[in-house]
Each structure stands twice: as C-alpha cells, then as structure tokens.
1. Which value in nm describes the separation of the simple spin-label points at LEU119 and GLN277, placed 7 Å from the Cα toward the beta carbon?
2. What are the semi-axes of the equivalent ellipsoid of region 181-265, taken as the square roots of 5 times the eigenvalues of the Cα gyration tensor, listed largest first and rounded to whole Å?
3. For labels at TYR186 and SER255 in the simple 7 Å Cα→Cβ model, what's the distance in nm?
4. Put a dot 7 Å past each Cα toward the Cβ at GLU244 and SER270; how far apart are the dots in nm?
5. First compute the accessible area of region 24-74 with a 1.4 Å probe, then give the percent of it belonging to carbon and sulfur atoms.
6. Taking a ≥ b ≥ c as the square roots of the eigenvalues of the Cα gyration tensor of region 123-265, is the shape rounded (a/c under 1.5), prolate (a/b larger than b/c) or oblate?
7. For region 124-267, what does the accessible surface come to per residue with a 1.4 Å probe? Please give it in Å².
8. Determine the share of region 169-212's accessible area contributed by carbon and sulfur atoms, expressed in whole percent, with a 1.4 angstrom probe.
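The values are calculated or read from the model by the stated rules, or taken from the named source; none is laboratory data. Predicted model only: the values in this text are computed from it and were never measured. Methodologically, a virtual Cβ is constructed for each residue, glycine included, from the backbone with ideal geometry; neighbour enumeration extends over all protein chains shown. Heavy atoms of the whole protein, side chains included, go into the accessibility calculation; ligands, DNA and RNA do not. Shrake-Rupley method; radii C 1.70, N 1.55, O 1.52, S 1.80 Å.
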Amino acid sequence: MLQENLYQPFEIEYRECTECPIDPHKHNFFELVYIVEGSGMQCVNKNQLPYSPGKLFLVMPQDCHSFDVQESTKFFFIRFNNIYLKNQHKDWIQQLEFIFQNHNHLPGCILKNKNDKPLVKALVEALIRELVNQQPYHREMAQQIVNTMIMVIARNILLQMPEQPKHPAKQDASMNILHYIHENIYTPEKLRAEQIAAHFNISPTYLSEYFKRNNGDSLQQYITQYKLKLVETRLQYSSMRVGEIADELGFTDESHLNRMFKKYKGVNPSAYRKELQLQAN
C-alpha cells in the first residue's frame, strides 16, 4: 500500500479529479479534505460513506483511506505534521486536546455544528485565493487560516464525544462535570473532589457516587487517565521534557509521572517517545 510522506510542516493543495479513484493509501501526517464540488464515496479504514460539496474529512496518521470519484470532484487538501504542531504555542496545543484524545471518532464529515459549515467554506475559499494569487505573506496568511480550521475541527470533535445518559437532566449534569474537569485539568487544586462538589453545589459523597455511576470510572481514575492521555499527546506532538510535562499536568515530580505512565502504558515516557520516533522513521 502506498505510504505518503510530508516533507514540510504544512501544505495546501487544490486538485480536480474526474473518473479515476484516489487509491487506498496511508499518511504519516494529518490531512483535512474539503469537497468543493462533486460526489462519490470516501473509504476510511474499510468504512464507506458518500461525500458531496461542503463535506470536511479529517484523516489521522496511519488511517487507510481512499476516494471513489463518481462525479468530477474538486478536492481541497490541508496537510500538517508533528513538526507543525511542535512549533505552535503550548496554550494552542492545549486547546487541541479533543483532536488527539478523540481521534477514533466515526468516519465521515467532521462538521457537526451547522453554523460552522459556512465558516469553513469561507476559510477554504480564502486559502484557495492565497494559493492562487501568491501575494506577499501568502504563506503566513495561510498558516493563520489553517490554525483557525484546526480549531473549528476541535470544536466539532467535542460534539462527537461519547453519548451520555439519555435523561436530559442527567446528561447535562454529567457533561458539565466532564467539561469542568477538561477545562481545569492544568489546575490541580480545582480538581479535588471537595472543590468540584462545591462548584456544583453537591456533597463530595454524592459527587463520587454519581460520577462513577454515569461514567464507569471513579472521579480520580478518570482524572488520572485523562492526564496520562495528555502525556501521550505531549510525548508525540511536542518536544517538552518529561519533567516539564509532569509540572504542567500537576504530577508530584518526574518520578511520579514515570511510575504512573509505566503502569498505564507498560513503558516509561522516554521509552514511549523513542518508540514513536522509530515508528515515524
């Protein structure tokens, strides 16, 4: 199977295909595919779904995907890799957690918020103008627009989080607690059960029982698991040292993080990062 590589931090491409399919292939980078015109079928990891104008697809590294073009199609591609992500500001990376921690989202159009569809269309049209006109600072302008596109995707992936309890009141309460945890994951003092309970005006005992009943894990288990997933993100998509990651996510020290991560993944963070680097080469 064809393996495509990206030799620069990001690139954009505007391509028209007629009858020939885009054969199955894999990437070592992230790819956004926007359908400007045309129709056909998209296949991602053996899942097939129709595509049409206005659809936006997110293809993760090592996904196997292809397009069967049924009607002449204009594709717009945005590709970016780990180097691109590592060059962004830490706060920006933190805002992208939902892309990396929910990358097993269902295949198909990533746009679930209908209000984002005209926004994405306008952003793509702006990128096409920058690509065609090649005016001064066109690459810097394109990068800013690409960053906006990535943030739109993060917002839409948030809307695809696993379904919570069917009762609306329970769903809202459970989601509010999860959102509180995600928003304050870098502020350990706000993640104590007493602090969370006080924020939602309930008792700590009820909070613990309610959280486990609706999410499967205990409150502390969920917070720890979420932090360790974020550690994976840092190891893969940043050049931060292990000690810096431990400090950012509120572990006692680097040794504490090493112990927790080894229990979680079977190897320490440094070994895990080396494995990722070997796989990428």
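1. 3.7
2. Working: eigenvalues 134, 36, 22 Å².
Equivalent ellipsoid semi-axes, largest first: 26, 13, 11 Å.
3. Those two pseudo-labels are separated by 2.8 nm.
4. Those two pseudo-labels are separated by 1.7 nm.
5. Details: 910 of 1990 Å².
Percent of accessible area from carbon and sulfur atoms in region 24-74: 46.
6. Details: a/c = 2.90, a/b = 1.56, b/c = 1.86.
In terms of gyration-tensor shape, oblate.
7. Values: 8050 Å² over 144 residues.
Normalised by residue count, the accessible surface of region 124-267 is 56 Å².
8. On the way: 1200 of 2470 Å².
After summing per-atom areas, the C and S share lands at 49 percent.
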